[in-house]
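The values are calculated or read from the model by the stated rules, or taken from the named source; none is laboratory data. Everything quoted here is computed from the prediction, not taken from an experiment. Note that each Cβ is placed from the backbone with ideal geometry, even for glycine, and that neighbours are counted across all protein chains shown. The protein model used for the area step is the full one, side chains on, heavy atoms only, and it has no ligands, DNA or RNA in it. Shrake-Rupley method; radii C 1.70, N 1.55, O 1.52, S 1.80 Å.
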Amino acid sequence: MKPRILVTGGTGYIGSHTVVELQNVGYPVVIIDNLSNSNRDVLDGIERISGIRPDFVEGDCTDMATLRKLFQDYPGIKGIINFAASKAVGESIEKPILYYRNNLDTLLNLLDIMGPEDVKGIVFSSSCTVYGEPDKNPVTENTPIKNATSPYGNTKQISEEIITDVINSGAPFKSVILRYFNPVGAHPSAEIGELPNGVPQNLVPYITQTAMGIRKELSVFGNDYDTPDGSCIRDFIDVVDLAKAHVIAVERMLDDKSKEKIEIFNLGTGRGVSVLELIDSFMRSTGVNVPYKIVGRRNGDIEKVWADPRHANEVLGWVAATPLDETMRNAWAWQCKLRERGVM
Ligand code: WQD
């Protein structure tokens, strides 16, 4: 019997896909989520895919009493994956206190309870945003960290520092920090996927909602960048590939496979893809038109960033293998399922 894993933010986009992969290989999972950016229906989707309904606690990790009760109710938790965080770059600029309090208090509470509860390790959901605008691409784990360009990005940088300080102080647990590039797509079953609240900030959900006619047209934020087609370049990584990396990270921690107490991995495909190329991939692979117009640049956008994933490939034995066209088809299938269910 594999040990129980606590997944905070587990009804969210990446969290829910990770819970499916954990359950597929036999880990019992308990989710805590305050449902501020997700809903309970996700539990049905997870169950339909993996045949198992994860344990679920509606609650906020910023409340230590809630966490203490969870550990009493669900004994034997040996690993934590921490997704619970506010994550909208623009919103973080308007509401910095909410972001620092939510994202940092969550992490501090988890780190505080891990020792007394004999938890062996925590996987932390970080982001390529810690690199800012890299001087050169592809980006490795040794690429210098730049000053954050938003409170959201700063919470990721500060969180990594907190984890490092706590573990270096002699805490009896390990950590694997995963720096995601741009997670996109949906589970091939179309039972779970990205479901942003309100008007999507991220590119792919805006594309699928435009393709569905929910949005009139997509605005492409700038085509005057120093890139081959003038639009920004990103490393779009399939969300299921990303989820699988978390399972490997948990196993690595619990099986004590590394002599390091802290490990950091870039999770990307290693392929830079422009905004216009991604739009083309979506239209070509689904046959669905996406009306778009070029508008001015969006403040804070990075011109180009993509990963050198060799460290994760070699050390974790993990590769982001899903072709982009397949990822786009899965994103579209999910949008169609939402329409079918009358969700949007
Ligand atoms: C991608 C590209 C836009 C929308 C952010 C965070 C990152 C992670 C993912 C949480 C950019 C362009 C977008 C649109 C567009 N967040 N775009 N029209 O900004 O790379 O990353 O979200 O984990 O940490 O920084 O993602 O999808 O918003 O934008 O032209 O309607 O698409 O300008 O070049 P981003 P994004």
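Full extension of the chain segment joining Ile214 with Asn299 gains 28.1 nm, where the gain is 0.36 nm per residue of separation less the Cα-Cα distance. By the helix-only formula, in which each DSSP H run with n ≥ 4 contributes -39500 (n - 2.57) and the sum is divided by residues, the chain has a 222 nm mean residue ellipticity of -12000 deg cm²/dmol. Semi-axis lengths, largest first, of the ellipsoid equivalent to the range 252-303 are 38, 18, 8 Å, with √(5λ) applied to each eigenvalue of the Cα gyration tensor. How much of the accessible area of the range 1-57, in percent, comes from carbon and sulfur atoms when a 1.4 Å probe is used? C and S atoms contribute 46 percent here. Note down the Stokes-Einstein diffusion coefficient of the chain in µm²/s, whole number, using a Kirkwood radius over alpha carbon pairs, 4 °C, and 1.567 mPa s. Once the numbers are plugged in, D ends up at 64 µm²/s.
Across the chain, the relative contact order, built from alpha-carbon pairs under 8 Å that are at least six residues apart, equals 19 percent.
Close amide H pairs (under 5 Å, H built 1.01 Å from N) link Ile32 with Val7, Thr8, Gly9, Gly10, Val57, residues at least 5 positions away or on another chain. Its Kirkwood hydrodynamic radius, worked out from the mean inverse distance over all distinct Cα pairs, puts the range 58-217 at 17.7 Å. Taking all protein chains together, His311, His187 sort by accessible area into His311, His187, largest first [probe 1.4 Å].
Whole angstrom only: what separates the Cα centroid of the range 269-303 from the Cα centroid of the range 1-32? Cα centroid of the range 269-303 versus Cα centroid of the range 1-32: 31 Å apart. Its Cα gyration tensor gives the range 150-262 an equivalent ellipsoid; the semi-axes, largest first and in whole Å, are 35, 19, 14.
Nearest 5 is fine: what % of DSSP beta bridges in the chain come out antiparallel, could you say? Antiparallel bridges: around 5 percent, rounded to the nearest 5.
Taking all protein chains as they are arranged and a probe of 1.4 Å, the heavy atoms of Lys78 leave approximately 50 Å² accessible to solvent. Taking Lys and Arg as +1 and Asp and Glu as -1, the other residues whose beta-carbon sits under 12 Å from that of Pro200 total 0.
Counting only protein heavy atoms and using a 1.4 Å probe, the accessible area of Leu98 comes to about 80 Å².
Think of a 1.4 Å ball rolled over the protein heavy atoms: the chain then has 42 Å² of accessible area per residue.
At what distance in nm do the modelled label points of Ile97 and Asp229 sit from each other, each positioned 7 Å from its Cα along Cα→Cβ? Simple spin-label model gives 4.4 nm for this pair. With the simple spin-label model, which puts each label point 7 Å out from Cα in the Cβ direction, the Asn313 to Asn147 separation comes to 3.5 nm. Taking the Cβ of Pro323 as the center, what net charge do the other residues with Cβ under 15 Å away carry, scoring Lys and Arg +1 and Asp and Glu -1? After counting each charged neighbour, the total is -4. Relative contact order for the range 219-286: 41 percent, from Cα pairs under 8 Å spaced at least 6 residues apart, divided by residue count. For the range 155-265, the fraction of 1.4 Å probe accessible surface lying on carbon and sulfur atoms is 48 percent.
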